[in-house]
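To keep things clear, I will list the structure first and then write my remarks on it.
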Amino acid sequence: MTDKWTIDVSLQHESYRVRAEALLRLEDGGEFVGVGIAEAGLRNGSTSQIGAYLAVTRALSDLTAELLETVASDVARSIEVDGIFAAQSAN
């Protein structure tokens, strides 16, 4: 069995700032979004490219944090449910 998840990254360039958004789409229809912002030089310089890289890196890092938070929450819920079932089985 293979799952396919897709990440789309979009960039919005302003004069001195770049905003990146990383959207993770799951096969089941779920979505996670990460956002990153970086200062950048004027749009036509190498500084602009560095700003874009940094904004995308920050968006992917934010996306990672969103996923980790969801995993931690799911694990905590799972432990609670297992703990309740274990206590009921012991009675």
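The values are calculated or read from the model by the stated rules, or taken from the named source; none is laboratory data. For clarity, every value in this text was computed on a predicted model and none was experimentally measured. When we count neighbours, we look across all protein chains shown, and the Cβ atoms used for this are built from the backbone with ideal geometry, even at glycine. Side chains are part of the model used for accessible areas, which takes the heavy atoms of the whole protein and leaves out ligands, DNA and RNA. Shrake-Rupley method; radii C 1.70, N 1.55, O 1.52, S 1.80 Å.
Count the net charge of all other residues whose Cβ sits under 14 Å from the Cβ of Trp5, scoring Lys and Arg as +1 and Asp and Glu as -1. All intermediate terms of the calculation are to be shown ahead of the outcome.
On the way: positive: Lys4, Arg25; negative: Asp3, Asp8, Glu27, Asp28, Glu31, Glu66.
For residues surrounding Trp5, the net value is -4.
The Cβ shell under 9 Å around Ile37 holds other residues with a net charge of +2, Lys and Arg each +1, Asp and Glu each -1. A simple spin-label model places the labels of Met1 and Tyr16 5.2 nm from each other, with each point 7 Å out along Cα-to-Cβ.
Counting heavy atoms of the protein chains alone, Glu14 has an accessible area of about 90 Å² for a 1.4 Å probe.
With a sphere of radius 13 Å drawn around the Cβ of Leu26, what net charge do the other residues whose Cβ falls strictly inside it have (Lys, Arg +1; Asp, Glu -1)?
Details: positive: Lys4, Arg25; negative: Asp3, Asp8, Glu27, Asp28, Glu31, Glu66.
So the surrounding residues net to -4.
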